[in-house]
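Only one structure is covered here, and it is reproduced in the block below.
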Amino acid sequence: MGQPASAQRVGAQLTSAPLRPAWVEVDLGQLRKNFRLIHADKPSDVAMLSVVKDNAYGHGALTVARCAIDVGAKALAVSNLDEALHLRHSGIVEPILIFGTRPFAELPCCLEYSLIPCVDDLETAERLNALAAGNRRRHPVHLEIDTGMSRYGIRWDTRQQWMAAFQRFEWLELAGVMSHFAMSDELDKHFALLQLDRFRQCLDRLNTMGIRAPVRHLCNSGGFLDLPEAHFDLVRLGILPLGVYPSKVCRRIPGVSPVMTVKSKIMRIQNIQKGDSVGYGMRYRAPSKRRIGVMPIGYGDGFPRVRNQGEVLIHGQRTPIVGANAMDATMVDLTGLPDAREGDDVVIQGRQKDEVISVDEMAALKGTVSYEVLCGWRLRLPRIEVDHSTQAVESSS
Ligand SMILES: *Cc1c(COP(=O)(O)O)cnc(C)c1O
């Protein structure tokens, strides 16, 4: 299959320029299916928040956000102010939570655009309270508790002091209380359960003070899958709706599969002789006559810098990468594929016929985790939205 004619072009591309022959395909049908399966798997009284930080892990924040809302997500979350503003400016009206901590300079913007900051210190709360008082409108915040991640959040064991202090802020609406797991997707759940226990202690303490946060949340994808006792009122899902699991060992939901495929084309075929070398550093020497295929994708696109490592899919077959790849080119040995021609499709990550190069396989090649593989495909690769479930063009409205 060539580049789909029905594809919706998105991202940082010049609208009229021909598409470069290397791109990221986002399957909207699969994305919708994943969200539906997750929604059906989840207890009905647990709300879903869609985490679309870093352009929804490279898939397109707006696309994922809209799909999530269509399928029933109640809120969205990002990590940066500009990510939140992008959603607002694109017409998203649902609640948007911003993870992490906000520099003071961003607080007026949070009020102006109805963005919900996570709050974990009194000075930020005080400033936000003063701004909200100026508007004479209470502003929602989520209180973040650190139960063991040691990143953001007020430490669970200092709760006595901060809870008393937090009650002073009459212009802040305590809309939620949250914490974050350090290890929810491994078989060993003992630390996750300790964090859950600490979180519960804090909630109990709030209760005895007469403070009840309407929305309590602790779970990311790993917690959602494997720790139902930690679901509380809402789960924050980033990677799972994209069809990728946080680890090899967590529970599977049948039918949830990857939304992203990374593709390119063979743009040149070189017939080389025994002893010829391929690529920078002459890392590959042909042991005999070889057919070398060249693809216009490289480490400048987020492909790892490899030397005679890794495979791609051509005609549904695994085909080895040869030599060291460059910023903009990667070479493969096509000798075993005599039918391969210039212009043929190449799958770098994803499925082609019956073969798959999984995100986990890419992660192993890169020496990293699935999360970084997804985020690692740079915007230099155009994002193309397809829908294999209907073969129809999706509206870009
Ligand atoms: C990124 C993030 C999530 C989503 O994690 P996944 O494992 O991708 O589901 C949830 N909560 C917080 C605080 C995060 O930073």
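The values are calculated or read from the model by the stated rules, or taken from the named source; none is laboratory data. The structure presented is a predicted model; accordingly, all values stated were derived computationally and were not measured. FYI the Cβ positions are ideal-geometry reconstructions off the backbone, even for glycines, and counts take in every protein chain you see.
Quick check on my filter: what residues within the range 31-48 are within 21 Å of residue 228 (Cα to Cα), part of a helix (DSSP H, G or I) and either basic (Lys, Arg) or within 15 Å of the chain's Cα centre (by Cα) (or both)?
34, 35, 36
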message: Filter the range 117-172 down to the residues that are hydroxyl-bearing (Ser, Thr, Tyr), touching a residue at least 12 places away in the same chain (Cβ under 8 Å) and not in a loop (DSSP other than H, G, I, E, B) and list them by number.
response: 124
field: Set 374, 381: member being touching a helix residue (DSSP H, G or I) at 6+ places or on another chain (Cβ under 7 Å), closer than 20 Å to residue 259 by Cα and in a helix (DSSP H, G or I)
entry: 374
task: Would you please name the residue that is surrounded by the most Cβ atoms within 10 Å (Cβ to Cβ), looking only at residues in the range 74-85 that are free of Cβ contacts under 8 Å to residues at least 60 places away in the same chain, outside any strand (DSSP E or B) and within 16 Å of the ligand (Cβ to nearest atom)?
output: 84
- prompt: Is there any pair with a first residue in the range 1-30 that is of a type in the set (Ser, Thr, Tyr) and in a loop (DSSP other than H, G, I, E, B) and a second that is exposed (fewer than 15 other Cβ atoms within 10 Å of the Cβ) and at pLDDT below 90 whose Cβ atoms are under 6 Å apart and which are 6 or more apart or on different chains, and what are they?
  reply: 6/393
task: Go through the range 92-122 and count every residue that is touching a Gly at 6+ places or on another chain (Cβ under 8 Å) and of a type in the set (Gly, Ala, Ser).
output: 0
- prompt: Of the residues that sit in the range 225-261 and are within 14 Å of the ligand (Cβ to nearest atom) and of a type in the set (Ser, Thr, Tyr), which one is nearest to residue 357 (Cα to Cα)?
  reply: 245
- line: When (1) assigned to a loop (DSSP other than H, G, I, E, B); (2) crowded, with 17+ Cβ neighbours inside 10 Å are applied to residue 348, the one that fails is (1)
- prompt: Which members of the range 247-266 meet the condition of being crowded, with 17+ Cβ neighbours inside 10 Å and farther than 26 Å from residue 385 by Cβ?
  reply: 247, 250
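Table: residues versus (1) in a loop (DSSP other than H, G, I, E, B); (2) free of Cβ contacts under 8 Å to residues at least 24 places away in the same chain; (3) not hydroxyl-bearing (Ser, Thr, Tyr).
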site: 229; (1), (2), (3): no, no, yes
site: 241; (1), (2), (3): no, no, yes
site: 248; (1), (2), (3): yes, no, yes
site: 251; (1), (2), (3): yes, no, yes
site: 255; (1), (2), (3): yes, no, yes
site: 278; (1), (2), (3): no, no, yes
site: 287; (1), (2), (3): yes, yes, yes
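If you go through the range 306-343 one residue at a time, how many are polar (S, T, N, Q) and part of a strand (DSSP E or B)?
The qualifying residues number 3.
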task: Within the range 23-57, count every residue that is among the small types (Gly, Ala, Ser) and surrounded by fewer than 24 Cβ atoms within 10 Å (Cβ to Cβ).
output: 4
- request: Go through the range 36-53 residue by residue and tally those that are under 21 Å from residue 261 (Cβ atoms) and touching an Asp or Glu at 6+ places or on another chain (Cβ under 8 Å).
  value: 1
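For the range 49-68, name all the residues that are away from the ligand (no atom under 11 Å from the Cβ) and either part of a helix (DSSP H, G or I) or more than 16 Å from residue 382 (Cα to Cα) (or both). So that I can check it myself, show each step before the final result.
Residues of the range 49-68 away from the ligand (no atom under 11 Å from the Cβ): 55, 58-68.
Result: 55, 58, 61, 62, 63, 64, 65, 66, 67, 68.
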message: The conditions are (1) part of a loop (DSSP other than H, G, I, E, B); (2) buried (at least 16 other Cβ atoms within 10 Å of the Cβ); (3) within 16 Å of the ligand (Cβ to nearest atom); (4) among the hydrophobic types (A, V, I, L, M, F, W, C), and residue 303 fails exactly one of them. Which is it?
response: (3)
- prompt: Taking residue 185, is it more than 13 Å from the ligand (Cβ to nearest atom) and either among the acidic types (Asp, Glu) or in contact with a helix residue (DSSP H, G or I) (Cβ under 8 Å, 6 or more places away or on another chain) (or both)?
  reply: no
Flag for residue 333 being at negative phi, in contact (Cβ under 8 Å) with a residue 24 or more places away in the chain and surrounded by 14 or more Cβ atoms within 10 Å (Cβ to Cβ): yes
message: Any residue at all in the range 205-217 that's surrounded by 19 or more Cβ atoms within 10 Å (Cβ to Cβ), within 14 Å of residue 149 (Cα to Cα) and within 24 Å of the chain's Cα centre (by Cα)?
response: no
